[in-house]
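I have placed the structure first, in the form of structure tokens, so that the comments after it can refer back to it.
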Amino acid sequence: MMTLLANSWHNHQTTTSVSEVSFTLSNKDEPQVIYENGIFNFNQKNQSTKYWLCVERECGVYTYTSLTGQFTRINGTHTHSLNPDQVAVKILRDKMKARILAVYFLIN
């Protein structure tokens, strides 16, 4: 998991908060980002940035990372409620899948 600091403005002063960015794979083995209880699918990249689109098709929120995986910014506001339980289930499912695959390859 990558952790980095994001600055926000409040009453013309800079405050610092910690946001975690996690990288994972979808059920179809496509890259995904988890950021602030939102799950984003890889969309495209250019010479310096990767673009990630919210998994809810109607939402349209993008998040951006550098090619090295550092969070740079998020664009828009989600049009749906974010469900932390959905993220927890995804992380648990990923761990279970990794264990199953590790045991499978040890046996074969």
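The values are calculated or read from the model by the stated rules, or taken from the named source; none is laboratory data. Everything numeric in this text was worked out from a predicted model, so none of it was measured. What goes into the accessible areas is simple: the full protein's heavy atoms, side chains included, and nothing from ligands, DNA or RNA. Shrake-Rupley method; radii C 1.70, N 1.55, O 1.52, S 1.80 Å.
When nucleic acids and ligands are ignored and a 1.4 Å probe is applied, F105 ends up with an accessible area of around 140 Å².
Close amide-amide hydrogen proximity is noted between E36 and E20, each under 5 Å apart and 5 or more residues distant or on a separate chain (H modeled in the peptide plane; Pro and chain starts excluded). Here the mean projected area of the convex hull built on the C-alpha positions of region 21-105 is 6.1 nm².
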